[in-house]
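Asker: To start, I am sharing the structure in question, which I have written as structure tokens.
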Amino acid sequence: MKKQISASSLLGLCLITLNTVVQGAGVILGQTTWTAGNGHSYAIVNFPGETWESASADIAVTLPGYHLATITSQAEQDFLWEFLGQTTDVFGEWWLGGFQDVEPEIDPAEGWMWVTSEPWIYTNWADGEPNDGGGIEDHLALDRFFGGQWNDEGTALSLIEGYMAETVPIPATLWLFGSGLLGLVGIARRKKTA
């Protein structure tokens, strides 16, 4: 005996499935390039209440070629703080590309590194940070409550609003050069087959 599915049941199933897919994706709030600085492109992505690992995974889908942003100078910190203020007025924390990979962790300030393997030289910790509050704070967040200073985070996901992402764009001249080379290869192949 075959069971029939009513149209309303099918519609409800589709809406539940659609809702599940949409809830997992970050929403890009803004993108910019720091032309006066390092030439990197940045994005602010709304992804509230999600873990650092989830944010890292979301970038692959939402912003292919990007990584969680790394802040290696006061000038870059100032640029991103201003960009965040221009992009959203939401207070909370925004994941960055810093993490702590020390086991067992004895000192909350030891063992921090960037996802890009850049040297961990510049820091902008808020007073009393990093403190490993709750014992499991080994990821970096820029905190709007602390005026853009940093907080080691990991357990207070209700404070997380999203993440900041970064990429190094391919310079236009390099792209044009590569395109030209491909064109020449194509012409050479045509001549060989002719």
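The values are calculated or read from the model by the stated rules, or taken from the named source; none is laboratory data. Not measured: the values here are computed from a predicted model. No Cβ is skipped: glycine too gets one built from the backbone with ideal geometry, and neighbour counts run over all protein chains shown. All accessible areas refer to the heavy atoms of the entire protein, side chains included, with ligands and DNA or RNA removed. Shrake-Rupley method; radii C 1.70, N 1.55, O 1.52, S 1.80 Å.
Asker: Multiply the residue separation of residue 131 and residue 86 by 0.36 nm, subtract the distance between their alpha-carbon atoms, and state the gained length in nm to one decimal.
Answerer: 13.2 nm
Asker: Plugging the Kirkwood radius over Cα pairs into Stokes-Einstein for region 62-158, at a temperature of 10 °C and a viscosity of 1.306 mPa s, what D comes out in µm²/s?
Answerer: Here the translational diffusion coefficient equals 114 µm²/s.
Asker: Mind checking the per residue accessible area of region 103-161 for me, 1.4 Å probe, whole number of Å²?
Answerer: Per-residue value: 51 Å².
Asker: Considering the zone a paramagnetic label at residue 34 would reach in this model (a point 7 Å from Cα along the Cα-to-Cβ line), which residues of region 74-89 have amide N under 15 Å from it?
Answerer: 74-85
Asker: Volume per residue, Å³, of the convex hull around the alpha-carbon atoms of region 48-97?
Answerer: Per-residue hull volume (Cα only) is 91 Å³.
Asker: Accessible area of region 40-98 with a 1.4 Å probe: how many percent of it is carbon plus sulfur?
Answerer: In region 40-98, the share of accessible area belonging to carbon and sulfur is 56 percent.
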